[in-house]
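Remarks on the structure that follows.
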Amino acid sequence: MSRNENYGNYGYSAPSSGPDNSVTPQTVSARTSLPTAGEMGGRAPAPWIRFPFFPTAPFYSTNPNVGYQVRYYSAGVLSTDADIPAGGVPVGNEVIRTIAFDIPCRIIAVNGAFAWTAQPAANNALDRGSDPLDLFLFRMEYTTGDRLQTNARLASTVIGSGENPAEIGGTGYTVDQGGTMVLGITPLNSIADLVQTPWRIDITLHCLEMRGSSNFVGGR
């Protein structure tokens, strides 16, 4: 496998060190620990440069046969779902939902919302001024086990809304064909204010799909 064969699929260049890229392979040796941040700088006179992190700037292929399509992938939890305990309040219990991807894409932003689906009585959590995104915890991980959020946290700290999207930043998060994102959603005690009032939690991923030629193979 050539040194650039796979890295280009994800929009990153091949590493500049290692036995396949070294000018003098005989000097390469195994490391017993990962390099520190200070050791990962480039060569003088500018070992580091500053580069904008927001807005999210995904990689686009230079291959003219690759096209792009924006698509919103989503999943959610209803109080009437089969895996929700009687009463509709799985307080403190994580509910798992999955989003499958048929083609490669890059996730640009993650949004979510909590809403009552019937008129609640007075003195519920939202009437007391709670942010709807504070009514549940959220985390997300890839098929490989790689976690975008290393731990479940209040949704207001990791996802946004349609009015104020929560961009991932950098180049976004790459999902390959056949990949799955696992969503962990944990309703909190505040939802127990109205056990009998139906509710829903929706999560939406803003994605940039990468579409290649599927019915022919041509030279580049």
Report summary line: In this structure, the FRET efficiency calculated for residue 62 and residue 93 from their beta-carbon separation, with R0 = 30 Å, to the nearest 0.05, is 0.05
Query raised in the report: Among residues other than residue 81 whose Cβ falls under 13 Å from its Cβ, what is the net charge (Lys/Arg +1, Asp/Glu -1)?
Result: 0
Requested in this report: State, to one decimal in nm, how far the label point of residue 74 lies from the label point of residue 150, with both points 7 Å from Cα in the Cβ direction.
Outcome: 3.2
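All of the numbers you see were taken from the coordinates with simple rules; none came from a lab. Values in this document were obtained by computation on a predicted structure and should not be read as measured data. Here the Cβ is made from the backbone with ideal geometry for all residues, glycine too, and neighbour counts use every protein chain on show.
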